[in-house]
Every structure is written in structure tokens, then in C-alpha cells.
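Data first, discussion second: the structure below is written as C-alpha cells.
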Amino acid sequence: MKKHLNFHPIFIAFVSVALLGASFQNLYAQKAKNTVRLKAKYVKIMDGEIYFDIAAAAKVGKQNLDVSHVDIYAYNEVNDEEIELGKTTTNAKGESKFVLPNLNALKPDSTNTYTVNFSFKGNDTLKKASKSLSFKNADIKAKIITKDSINYISATLIDTDSTSPLTKTILNIQVNRLFKSLPIGDEYNYTDENGTIFVPIEEGIPGVDGILTLEVVLKESNDYGTVKAFVKAPVGVPSVEESTFDERTMWSPRNKTPWFLLIYPNILIFITWGLFVYLIINLFKISKS
Amino acid sequence: MNTNDKLINDLAPQKFGKLGVIWTSTLIVIIIIGIIAYIDQVIKGQVVTNMRDYALWGIYISNFVFFVATSFVGSVTVAILRLTNNTWRTPLVRIAEIITLAAIAMAGITIMLDMGRPDRLIYLFIYARLQSPITWDVIIIPSFLVISFLLLYFPLLPDLAILKDHFKEKNPVLSKWYGKLSLNWRGSDKQKALQAKSIKIIALMIIPLSLILQTIDAWLFSTTYRIGWDSTNFGGYFIAGAFVAGLGALVTIIYIVRRVYKLEDYITEFHFDKIGKLLVLACLTYLYFNINEYLLPAYTASVDEATHLNTLFSGSYAIPFWTVTIGGIILPIIILLFKKGRKPLPMFIIGLIVVLSSWWKRYIIVTPTLLHPFLPIQGVPESWRHYFPSLHEWAITTATLAMALLIITLLVRFLPIIPIQRTADEQELLKTTKTIEP
Amino acid sequence: MEDNNKNSRRKFLDKGLKVGLATALGGLAISKISKLSAKSNSNPEEFVELMTTDGTIIQVDPSEVQEINHSNTQEPTYNVREGMPNRKFVMVVDLARCKNALKCQSACNKNHYITGDNAWIKVYKMQEAKDTAPYFMPTTCQHCDKPACVTVCPVDATFKRKDGLVLIDNERCIGCRFCMAACPYSVRVFNWSEPDQGEITVNMDMANANHEYYSPDYAGMPSLKGTIDKCDFCPHQIKNNELPHCVSACPNNVFYFGDKYEDTVSNRDEIVRLSQLLKDRNGYRLMDGLGTQPSVYYLPPVDRLVDFDEALKNYKEFESVEKPK
């Protein structure tokens, strides 16, 4: 009885100190922790992978700094359940790309909406953060049509699960280039009542062997995210190689010296040093005789 | 033979007097200082010079050009005078050959001092690009070194045999060396025939080789776009310049050697007179090229060209420019046109002025052009807009000049300054005890 | 009664001591736990030993050592002397927009670890004649198609690639400086002394651990004493699908960069057809009459949005590389 009585107060004291200590710790740490904002964009490549472009930025004082080399966890939220999909780490610029092979890796809810949550668990200096993305599945079917020797690109945008066309939606047509994609067609290409656009491809766009990679893009739609369809077609002008790299020029490396420089100087050197050899032999002859 | 003995006694190498020892020691000290400065340069990098990104070449290069130019004297004195049957050249040829050899050897060494990565010297051979003028330089300089050496060596063989005998009692060790180097020369018909044939070939080869050498040296500059360098005139300009520089060096050294070794009987006032006339010819030719190079562009004077010419005529390089032009070209022409001017002492002074002017002339060719590039000099420290060599550069450059003089000194010390056998042959031919004065 | 009092006192003291002990223990426990999760800087035995580029061993806090994800960046699959296939890189500089902000210069200096006195990109204050208008002209290496510098190099240290870039192999360069004499645009710089890239060589190794040390694609990383450096058009950026540093750093979108074979150039905000841009804005090349065929096009400074005198305030006549104070 005595022991029992003695135990309780001590136990309580221990616990209260522990709690106090912990809360002090928390309080103290919270003063130094900065808010983190996560940005996430969903992109679907037709007949390809899906990925999420993630960016983490922290507000430190008045500045926005990239949060580099931290783990971001991805979850598929279905019916109040969170299934872990994996994690990714931000690079030096606070950006990361989380890739999934296709949409089948995710489970939609009853309305055919997919929900993916990204969360940063926080650390000593940064608060926790999370970002939730919800989107439905859309498809773009694109193809090249040639009519009266003019090339057109025809693309149809449909909601995959309901298979109904998405009308009056803006699609962008681009040509894949080195750093960015070059827009062609009108600034706003609206899909018609069949969810289709029909855009002429301007002539004279150069590409390797005349082959262009055209992109039909649904850009950052609220419901469907970003969907990209790629079409590779020889609708461009073959680019003409201008490099003199394979020729023999004055600025080529030594294995492509111009012929006259290879021939004449070497002849001169051969004759000169041949004569030197002859003269030195003469010296030996003088010595021997 | 009595006359021959006198000849040999007069012309055989003598030991250094006190003056000789002091002279040689001074040269060695200067060289050592230069080597220390160079080691410092290799360790710290070429930041120890005053060259920077705009004045990217400095006195290392102008000194190199000077050495290349001076090496022209061999082909002038030995080959050109030979081909034009100027027999009075005999007492002068050995010294000319010695100067040529020393100059081209030092040219090869000097250019290596300018490399940022001398540890990669071998790359110039194993990775050489034939399109580059530097590769042409890498080919011609060793070639010219070989021919200069052969030019000196072949005629030397009989003299080495004579000296072997001469020193047999006095200095057996030296005698043995002379013997080895004389390649068993006994004056047999076969040997003489081989020697004559070889010398003929050498004399024929050395003229195109030296012209090519001077031209390639000029093309190091005129293959660029730079104003002041991009001139079609440069090839001939450098050849004429070499003509002047080589003869100037010859006159100066001949005078000193004549005085020190008391060779007044062999190198007479007649020879100075002849060389003086040749020097006037050289300076006139050089004057012609200078007019084409500096006066003519002033006629059209594009903006860049005008800037360059103004820098030389009245700008920051005016004093050196007019000094070397007047002192190095005009003055010799005027003074040497008079017989009195062609006496030994005035010739020596003129020769000295010509040598110094030649050296500074090449400084004026290299530096001003680099300091007015096409785009304005901005974004770099103010000191980068000027160039004057640093102590390291002076030390290293002076050391190369000292080394050239040391090579000449040592060769003069151990080799007969005037060809003994040839002089004897000529005297025999004309039954006279003096040297030839047709 | 007395006994009870004594007992209570004893009990109180007993309790008190035990509480005190518990508190102490609890506090200690909390601090220990918190220390475990924090990043520790204090234990010297935990430092990682690394070697810098010049062979010295340094101790680095393990928290600063990052694991490099080799799969992210691409290894060059092309011959570094031949270049990226099917490309011809060009740059367009819009002189009408240049306000001499010099952000291009500081970005280039920083990312190439330039520590000398001469930057690789210089913004010149230009004025053709007394009566013509002054303007600022950013000048990089022009990566000429008929490069005078490459023609004169005796050892093949600088070379022209199929993708248009003129690069330098600092392991080959002998420091003769003939290329510097030959270049009419004065874009080459020389490392007259040991480049004091010092502590940043550690960062260099970290950031570029994937590339073969040393490569002409990574100019200036490191710079070598007695060799030449110059603008490289940032192939190390292009490989990662990013624009060269000067292009992306410019706040006024003065630069465009792209592939001539695609007839497209872009910067952070814009993407245009090169031929259209040159046609509309009358693009030209610097000193085209020399025949060097540069890869940099300039758009004339007309209809300028720039107040020249304002821009002049940022002009530093004798400095192009900021030194650490």
C-alpha cells in the first residue's frame, strides 16, 4: 500500500516533466521551423508513363528558398485509405520527378477520380507539408492527315472512363525542340463537339531527316491534369548539315589535314632531312677513309 | 712551312686572358640568375611576367624573333657571298657560322621559355597539327640547327687536324679532342672531294632554309587578323630585317674578336669596308620594306590602322619607334656611305647600334599591336592596358643573350676564328703571306 | 501525533527526493533523445575524409556529403571531340534589351568557378563613332565556323565540334597563347597563375561527380595553370536540357539560345523561330567581314527600352570578375 502510494506521485512527476520537457522542446523548435510549400503537377504521356513534377520551397524570412535533398512520400488515397506509392528525393533545386509506369498503378475512387497525396515529413528546421492532387483520366488520340498535300494534325480528347469527348477544351499543338517546345497553330485550339481539333502544320519546320515530333497537349486542366500525346511524322523539312567537321579544312584536327599541307611540306622535309642524312654519311666517310 | 707556322700560331686558339675569364664568369653569373628566375616562373606560373590577357606575348617572343633574325648571317656571309664569288669573305666566315649556330640554338631555347606548360613540350611533336604556323616553326628550327652545325663543322675539319698537331706537346688532352673531332682528316684527295661536295650542298641548302625560316617567323604574326601584323609585307620585311640584324651582329663581334686576338693582319680595313657596303645595302633594302610597312598604310589609314600608326609615330611607342628607325636604319645608311664611316671603329659603333635597334625593333613589332585589339579593352585591371617587362622577364631574357654570347665565346676560344687551312690554301695559291684582297 | 508528523515529514522528504530525482532523470532523457535526432557537428570522429582536386586531404562534416544519384544525370554518349549529334548551337543577343545588369557575367563566373581577373563573358560599352549612339554589347566566345583560334593551335588542344562548339582540352594545351593572338574577339583568357579555385573544388567534385574528371565539356572545372579558358556555351547544361547560364540568368531576356538545325531559339520565357527573328529584327554577326562565321547573332540596338545613362551606372571599366571581399 505504501509502495503503491509512493509510486503514483513519482510516476506522475516523471511523466509531467517528460511532457513539459517535450513541449518545451517543441516550442523551442517551432520558433526556428520554416513553412514549406509543396507544388505538384500531374502529367500523363499517352501510351507512356505518368509522372508528377514536384517542387519544394521554404519561406525563410522574406525569401523563397528551394528545399533540396529531402524525401517526399507519395500516397494513393482511396476511400480514406492511404496506400504508399513510394518516395522521391528533391535535387539541388528542390525539384523532383515521381514516375509511375502508367495509371494502372493507381486506384480511383467511385467517381473515377484519382487522388495522390505528397507529403514531406518535416525535419528540425522545416515544418511538415503536403499537397494533394485529384484528377481524372483523359486520353488524346492524335494522328497526321494529309489533304491536298497539306499536312494536318487531328487530335481527339476524351474522358477515358466515360469515353465521352471533351468539348470546347483548349489543346496546344507544339513541335518538340531542344529546350522547350515550339507552339504551332492558333494560340487557342478549341475542341469541337466531337472533342476534336484539326490544325494545319505549317510548312518549313526543319527536323532531322524531316521528321518532327509533334505534341498535342492538354495543359494543366483542373480535372484532368496535363496530358501529352506525341506523334512522330515526316512533316518537316530535312535539316541541312552545315558542319565542316568531316572535311579536310585548316581548322580540322590533325587527322584531317588538308592534302596540300600533308603532301608538300612532307616532301620538303623528306628532301631536306634526306640530304642531312647524306651529309652525315659523308662525315662518316671522311672519318673512315 | 714557315709561313704556315706563322699562320697557325696567329690563328690557333689561345687561352683566356684575365679579361676572358672575367667575361666568361660574368656571363655564367647572368645565366644562373636567369635560370633561378625561370624556375620561379615555372613554379608560380607566368604571372611573374608582366604579360596579361591583352599583352599576351612580350619580350620572350620579341627576343626569340631577334635570335631567329640574327641567325641569318650564316647564309649571307657564307652562302650568298660564296655564290656571288666574293672571295674576301674567308676571314669572316667562321665567326659568321659561329654566330648563326649560337643564335639558332638560343632561338630554340628561348621559345620554350614562353610556353605556359613547358612540361608538355613533347606534344609539339606527337600531336602536331600541320595547319599551325607553330608546327612549321617546330620543323624549320631543328632543321636549321642541323644545317648551321654542318655549315660550321665541314670546313672546320682540316683546321681541327692542324690543331691536333699544334697542341700535341702543349696540351695533349686538348689535342686528343681535336683529333677525335677532326674525323681522321689527313687532307687526302678523297676527303677533300667529299668535303667540297658537302660544302657545296650545304651552301645551296642553307639559302632556301634560312629564307623559309625567316618567312615562317614572319608568318607567326601575319597569319592573324591583328592590325600591324596582318600584312602581306611581313615575309620580305622579316628577311630584310634579318639581313640587317645578322650583319650588325657580325660587325660587332668581328671587331671585338679582332681586337682581343690581334687579328689585324687577317681582318683588315678592307674587310670592314666591304662589310660596311653590304650593311648599307641591307639597310637600304630594310628601309624600303619599312616604308611599305609604315608609311604606305598612312595613305588610306582605316580607323584601326590609323590608331596603330599613331601609337608608333606620336603615341606611347614614339620614342622607341623613331630611335630604332633612325638609329638602326637611317644612321647606318648615312654614315656608312662615307669611306671614313667604314673604318673599323665607326663600324663597330654602328654595328652595336644596329644590334640594339634590331632587338628593340622586334619589341615594337610584337607589343603595340597586342594592346589595341578590335574590341575595346574593358573589364580588366588598368595595368593590363600597358606592358613593360618585369624583372623576371629581364633576368630570363638577359640570360638568353648571355648564353648566346657564352656559346660564341666558347666556340671562339676553342676553334680557330679564321679558317686556317683555307687561308693557307689561298695564300699558297697567290704566293703571299697576307690574306686575299682582290 | 508526533510520530505522525515525523512520518509525514519523512514521507514528504522521501517523495520530494524521489520527485527531484525523477525530474532530473526525465530531463536528461529528453535532452538525450533530442540530441539523437538532431544533426551533430560536434563529434570529430564522425568526419568524412575526402581528397580535393590538388591532392590535399580534408575533413568534411558527413552532413555535407551528399549521395549522388547516378541515374539522374546522363553520361555523355557522344565523343567529346565530335559533339552532340544533329545539333548546331547558336546564340542570339538582343542589344535593344541589354541594360548592363551583368547578371549573365556573375552567373557565368559563379558556375564556372572563374577566379582570375578576366571574365569569359564581357559586356562591352560600345560606340562606333562620335555621332552614333552608345550601347552595351554582351560578348561571349563566338564559336566561329571558321575559327582562327583552332587553325593556329599547334597541338590540337582547341577544336571545333560537329555541333558547332569550339572547346578547349586543358590537358593538351601547352600555353603558347597563339589562339589568343589569333582571336579577333578577344574572348580567350589565360591562367597566368594557379587558379585559386580552392575550397570550391570540393563543390565541383560533388556537383559534377558523374563526369570524367577532366573533360572539355566542363570548362573551368577545374582551370589549370598555364592553359587557356573561354566560354564553352555550357554543354554541361545542354546535356541536362538546360539553357546556358548567361541565357537563363539574364533578367531582361537579352539572350536566346538554340539549335540552328531546328531553326528555334529560346530563353527562360520565350521560344521563337531563329530565321524569323533574324529576318524581323535584322540580325547580324560581329565583324562578319573577317570571315570567321560566328555562331552568335546580334539584334541591333533599335527601339530600345534602355536608358543608356542608367545602364552606365553599373558599368565597371576595370573589373569583370567580382572578388570575394
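Give the residues of region C:202-224 that are surrounded by fewer than 21 Cβ atoms within 10 Å (Cβ to Cβ) and either small (Gly, Ala, Ser) or at pLDDT 95 or above (or both), sorted by residue number.
C:Ala207, C:Ala209, C:Ser215
Go through region B:326-357 and give me each residue that's touching a Lys or Arg at 6+ places or on another chain (Cβ under 8 Å) and either without any contact (Cβ under 8 Å) to a residue 12 or more places away in the chain or closer than 20 Å to B:Phe66 by Cβ (or both). Spell out the reasoning first.
Keep residues of region B:326-357 that are touching a Lys or Arg at 6+ places or on another chain (Cβ under 8 Å), which gives B:328, B:336, B:342, B:344, B:346.
Once the filter is applied, which keeps residues that are touching a Lys or Arg at 6+ places or on another chain (Cβ under 8 Å) and either without any contact (Cβ under 8 Å) to a residue 12 or more places away in the chain or closer than 20 Å to B:Phe66 by Cβ (or both), region B:326-357 yields B:Gly328, B:Pro346.
Please indicate, with yes or no, whether at least one residue in region A:256-276 is surrounded by fewer than 19 Cβ atoms within 10 Å (Cβ to Cβ), closer than 30 Å to A:Asp148 by Cα and among the aliphatic types (A, V, I, L, M).
Within region A:256-276, not a single residue is surrounded by fewer than 19 Cβ atoms within 10 Å (Cβ to Cβ), closer than 30 Å to A:Asp148 by Cα and among the aliphatic types (A, V, I, L, M).
Evaluate the following for B:Asp230: is it assigned to a helix (DSSP H, G or I) and either of a type outside the set (A, V, I, L, M, F, W, C) or within 14 Å of another protein chain (Cβ to nearest Cβ) (or both)? Steps first, answer last, please.
Details: assigned to a helix (DSSP H, G or I): no; either of a type outside the set (A, V, I, L, M, F, W, C) or within 14 Å of another protein chain (Cβ to nearest Cβ) (or both): yes.
No: the conditions fail for B:Asp230.
For region A:223-233, enumerate the residues that are surrounded by fewer than 23 Cβ atoms within 10 Å (Cβ to Cβ) and farther than 17 Å from A:Ser162 by Cα.
Listed by number, the residues that qualify are A:Thr226, A:Lys228, A:Phe230, A:Val231, A:Lys232, A:Ala233.
Per-residue answers, yes or no, for (1) over 23 Å from A:Gly204 (Cβ atoms); (2) modelled with pLDDT of 90 or more; (3) exposed (fewer than 15 other Cβ atoms within 10 Å of the Cβ); (4) basic (Lys, Arg):
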| site | (1), (2), (3), (4) |
| --- | --- |
| A:Phe135 | yes, yes, no, no |
| A:Lys143 | no, yes, yes, yes |
| A:Ile150 | no, yes, yes, no |
| A:Ser154 | no, yes, no, no |
| A:Asn172 | no, yes, no, no |
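Picking from A:Glu193, A:Glu215, which residue would you name as being acidic (Asp, Glu), in a strand (DSSP E or B) and touching a residue at least 24 places away in the same chain (Cβ under 8 Å)?
Working: A:Glu193 fails: in a strand (DSSP E or B).
Every option except A:Glu215 fails the conditions.
Wholly within region B:104-211, which helices (runs of 4 or more DSSP H) include no fewer than the required count, namely at least 1 residues that are modelled with pLDDT of 95 or more and within 14 Å of chain C (Cβ to nearest Cβ)?
Working: elements: B:123-126, B:133-166, B:172-181.
Fully inside region B:104-211 and qualifying: B:123-126, B:133-166.
Within the bounds of region C:174-187, is there any residue that is more than 27 Å from B:Asn50 (Cα to Cα) and either part of a loop (DSSP other than H, G, I, E, B) or in the same structural domain as C:Leu286 (by TED's automatic domain parsing) (or both)? Lay out the reasoning, then the answer.
Of the residues in region C:174-187, the ones more than 27 Å from B:Asn50 (Cα to Cα) are none.
No, the conditions are met nowhere in region C:174-187.
Does B:Leu151 meet the test of being touching a Phe, Trp or Tyr at 6+ places or on another chain (Cβ under 8 Å) and crowded, with 22+ Cβ neighbours inside 10 Å? Outline the logic, then answer.
Details: touching a Phe, Trp or Tyr at 6+ places or on another chain (Cβ under 8 Å): no; crowded, with 22+ Cβ neighbours inside 10 Å: yes.
No.
Is it fair to say A:Leu133 is under 25 Å from the mean Cα position of the chain (by Cα) and under 26 Å from A:Phe98 (Cβ atoms)? Full working, then the answer.
Working: under 25 Å from the mean Cα position of the chain (by Cα): yes; under 26 Å from A:Phe98 (Cβ atoms): yes.
So A:Leu133 fits the description; yes.
Does A:Val67 count as closer than 22 Å to A:Val217 by Cα and either crowded, with 16+ Cβ neighbours inside 10 Å or among the β-branched types (Val, Ile, Thr) (or both)?
Values: closer than 22 Å to A:Val217 by Cα: no; either crowded, with 16+ Cβ neighbours inside 10 Å or among the β-branched types (Val, Ile, Thr) (or both): yes.
So A:Val67 fails the test.
For a quick check of your reading: which helices (runs of 4 or more DSSP H) sit entirely within region B:1-98 and have at least 2 residues that are surrounded by fewer than 22 Cβ atoms within 10 Å (Cβ to Cβ) and out of contact with any helix residue (DSSP H, G or I) (no Cβ under 7 Å at 6 or more places or on another chain)?
Details: elements: B:2-11, B:18-44, B:59-70.
Per the criteria, B:2-11, B:18-44.
Quickly run through region B:43-80 and pick out the residues that are touching a Gly at 6+ places or on another chain (Cβ under 9 Å), within 11 Å of another protein chain (Cβ to nearest Cβ) and of a type in the set (Val, Ile, Thr).
Passing the criteria: only B:Thr49.
Could you tell me which numbered condition B:Leu194 fails, if it satisfies all but one of (1) buried (at least 18 other Cβ atoms within 10 Å of the Cβ); (2) closer than 18 Å to B:Ala424 by Cα?
Going through the list (1) buried (at least 18 other Cβ atoms within 10 Å of the Cβ); (2) closer than 18 Å to B:Ala424 by Cα, B:Leu194 breaks only (2).
This table checks each residue for (1) buried (at least 16 other Cβ atoms within 10 Å of the Cβ); (2) not in a helix (DSSP H, G or I).
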{"site": "B:Ile330", "(1), (2)": "no, no"}
{"site": "B:Phe348", "(1), (2)": "yes, no"}
{"site": "B:Tyr363", "(1), (2)": "yes, no"}
{"site": "B:His372", "(1), (2)": "yes, yes"}
{"site": "B:His392", "(1), (2)": "yes, no"}
{"site": "B:Met403", "(1), (2)": "yes, no"}
{"site": "B:Leu410", "(1), (2)": "no, no"}
{"site": "B:Arg413", "(1), (2)": "no, no"}
{"site": "B:Ala424", "(1), (2)": "yes, no"}
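Report yes if B:Gly34 is of a type outside the set (D, E, K, R) and either touching a His at 6+ places or on another chain (Cβ under 7 Å) or over 30 Å from B:Leu281 (Cα atoms) (or both), otherwise no. Can you show your working first?
On the way: of a type outside the set (D, E, K, R): yes; either touching a His at 6+ places or on another chain (Cβ under 7 Å) or over 30 Å from B:Leu281 (Cα atoms) (or both): yes.
Yes; evaluated as a whole, the condition is true for this residue.
If you check C:Lys130, C:Lys122, C:Lys162, C:Lys146, which single one turns out to be charged (D, E, K, R) and in contact with a strand residue (DSSP E or B) (Cβ under 6 Å, 6 or more places away or on another chain)?
On the way: C:Lys130 fails: in contact with a strand residue (DSSP E or B) (Cβ under 6 Å, 6 or more places away or on another chain); C:Lys162 fails: in contact with a strand residue (DSSP E or B) (Cβ under 6 Å, 6 or more places away or on another chain); C:Lys146 fails: in contact with a strand residue (DSSP E or B) (Cβ under 6 Å, 6 or more places away or on another chain).
Of C:Lys130, C:Lys122, C:Lys162, C:Lys146, the one residue that is charged (D, E, K, R) and in contact with a strand residue (DSSP E or B) (Cβ under 6 Å, 6 or more places away or on another chain) is C:Lys122.
Does A:Ile50 satisfy the condition of being in contact with a helix residue (DSSP H, G or I) (Cβ under 7 Å, 6 or more places away or on another chain) and in contact (Cβ under 8 Å) with a residue 24 or more places away in the chain? Reasoning before the result, please.
Numbers: in contact with a helix residue (DSSP H, G or I) (Cβ under 7 Å, 6 or more places away or on another chain): yes; in contact (Cβ under 8 Å) with a residue 24 or more places away in the chain: yes.
Criteria met by A:Ile50.
What's the number of the only condition in (1) over 18 Å from C:Ala181 (Cα atoms); (2) within 12 Å of another protein chain (Cβ to nearest Cβ) that C:Pro147 fails to meet?
Every listed condition holds for C:Pro147 apart from (1).
For region C:231-248, enumerate the residues that are in contact with a Phe, Trp or Tyr (Cβ under 9 Å, 6 or more places away or on another chain) and not in a loop (DSSP other than H, G, I, E, B).
Passing the criteria: C:Pro235, C:His236, C:Ile238, C:Cys246, C:Val247, C:Ser248.
So, in region C:154-169, of the ones that are within 13 Å of chain B (Cβ to nearest Cβ) and of a type in the set (Asp, Glu), which residue ends up nearest to C:Ala181 (Cα to Cα)?
Narrowing region C:154-169 to residues within 13 Å of chain B (Cβ to nearest Cβ): C:154-160, C:168-169.
Cutting the leftovers down to of a type in the set (Asp, Glu) gives us C:156, C:169.
On the way: C:Asp156: 16, C:Asp169: 18 Å.
So, considering only residues that are within 13 Å of chain B (Cβ to nearest Cβ) and of a type in the set (Asp, Glu), the one nearest to C:Ala181 (Cα to Cα) is C:Asp156.
Would you be able to say whether some residue in region C:222-230 is free of Cβ contacts under 8 Å to residues at least 40 places away in the same chain, assigned to a loop (DSSP other than H, G, I, E, B) and in the same structural domain as C:Cys108 (by TED's automatic domain parsing)?
Kept after step one, since they are free of Cβ contacts under 8 Å to residues at least 40 places away in the same chain, are these residues of region C:222-230: C:225.
Next, only the ones that are assigned to a loop (DSSP other than H, G, I, E, B) stay: C:225.
Okay, now just the ones that are also in the same structural domain as C:Cys108 (by TED's automatic domain parsing), so C:225.
Yes.
Out of curiosity, is B:Leu220 part of a helix (DSSP H, G or I) and over 30 Å from C:Cys183 (Cβ atoms)? First the steps, then the outcome.
On the way: part of a helix (DSSP H, G or I): yes; over 30 Å from C:Cys183 (Cβ atoms): no.
No.
Have a look at B:Leu279, B:Leu263, B:Leu356 and point out the one that is under 23 Å from the mean Cα position of the chain (by Cα) and part of a loop (DSSP other than H, G, I, E, B). Steps first, please.
Values: B:Leu279 fails: part of a loop (DSSP other than H, G, I, E, B); B:Leu356 fails: part of a loop (DSSP other than H, G, I, E, B).
Exactly one of B:Leu279, B:Leu263, B:Leu356 is under 23 Å from the mean Cα position of the chain (by Cα) and part of a loop (DSSP other than H, G, I, E, B), namely B:Leu263.
Say we look at region A:39-63 and pick out the residues that are in a strand (DSSP E or B) and small (Gly, Ala, Ser); which of these is nearest to A:Phe120 (Cα to Cα)?
Filtering region A:39-63 for residues that are in a strand (DSSP E or B) and small (Gly, Ala, Ser), the one nearest to A:Phe120 (Cα to Cα) comes out as A:Ala56.
Just to verify a result, which residue in region A:104-132, among those that are hydrophobic (A, V, I, L, M, F, W, C) and over 17 Å from A:Lys59 (Cα atoms), is surrounded by the most Cβ atoms within 10 Å (Cβ to Cβ)?
Narrowing region A:104-132 to residues hydrophobic (A, V, I, L, M, F, W, C): A:105-106, A:116, A:118, A:120, A:126, A:129.
Still in the list and also over 17 Å from A:Lys59 (Cα atoms): A:105-106, A:116, A:118.
Working: A:Ala105: 15, A:Leu106: 19, A:Val116: 21, A:Phe118: 24.
Among those residues, the one meeting the criterion is A:Phe118.
The values are calculated or read from the model by the stated rules, or taken from the named source; none is laboratory data. Here the structure is a predicted model, which is why all the values come from computation and not from measurement. Note that each Cβ is placed from the backbone with ideal geometry, even for glycine, and that neighbours are counted across all protein chains shown.
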